[in-house]
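The structure appears below as structure tokens.
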């Protein structure tokens, strides 16, 4: 009976890690969904601007309306690139977290069969440590993404301020 209890207790650490990873995955999937939706909104606006530019192509190239649409298109293009970079970082974090879940599941499996195959017992701590290391990589990547999370907002704010200083308050519509 004591060995059975010890075996059950040894399953707890991987299960706790799997649960923690599940919570992190949920948060990162939600964060990724928000960024993907924002990129889709930006892309829709870019397509709309392209259609407007095509519709007014007959106007002189120096028209204020064309300049406005071109400037907005450049801003949206940069915002899209910044958000796509963040989305890749979150995806990287999610991949690491899911690999951690796989490693913890492997650890649990090895712990379960270790009493039957003692020669595989060494594999359980190895999988557990590997899982913790991969989880740390996921958190580090998430920290990198968090560090640049305000970059698109700062870029948009800077563009609005620059436009306002160059052309006055009426230029806010240009961005």
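In this simple spin-label approximation, residue 66 and residue 139 carry label points 7 Å from Cα along the Cα→Cβ vector, and these lie 5.5 nm apart.
Maximal additional length on extending the residue 153-residue 15 stretch stands at 45.8 nm, based on 0.36 nm per residue less the C-alpha distance. Based on C-alpha pairs under 8 angstrom that are at least 6 apart in sequence, the stretch 2-174 has a relative contact order of 29 percent. Kirkwood Rh over alpha-carbon pairs of the stretch 2-174, then Stokes-Einstein at 4 °C and 1.567 mPa s: what D in µm² s⁻¹, rounded to an integer? Estimated via Stokes-Einstein, D reaches 65 µm²/s. When each of 90, 18 is scored by the number of other beta-carbon atoms lying within 10 Å, the sequence from fewest to most is 18, 90. Counting only alpha carbon atoms, the long axis of helix 12-55 and the longest principal axis of the chain meet at about 20°.
For an R0 of 35 angstrom, estimate the FRET efficiency from the Cβ-Cβ distance between residue 52 and residue 85 and round to the nearest 0.05.
Values: r = 27 Å, r/R0 = 0.78.
Here the calculated transfer efficiency is 0.80.
Rounded to the nearest 0.05, what FRET efficiency do residue 37 and residue 129 give with R0 = 30 Å and r taken as the Cβ-Cβ distance? Could you check?
Numbers: r = 37 Å, r/R0 = 1.24.
For residue 37 and residue 129, the calculated efficiency is 0.20.
Please give the calculated 222 nm ellipticity per residue for the chain, where each DSSP H segment of at least 4 residues contributes -39500 (n - 2.57) and the sum is spread over every residue; nearest 500 deg cm²/dmol?
Working: 5 runs with 145 residues, N = 175.
Roughly -30000 deg cm²/dmol at 222 nm, from the helical runs in the chain.
Every read-out reported here was derived from the displayed coordinates using simple, explicitly stated rules and does not represent laboratory data. Worth saying up front: this structure is predicted, and the values here are computed from it rather than measured. No Cβ is skipped: glycine too gets one built from the backbone with ideal geometry, and neighbour counts run over all protein chains shown.
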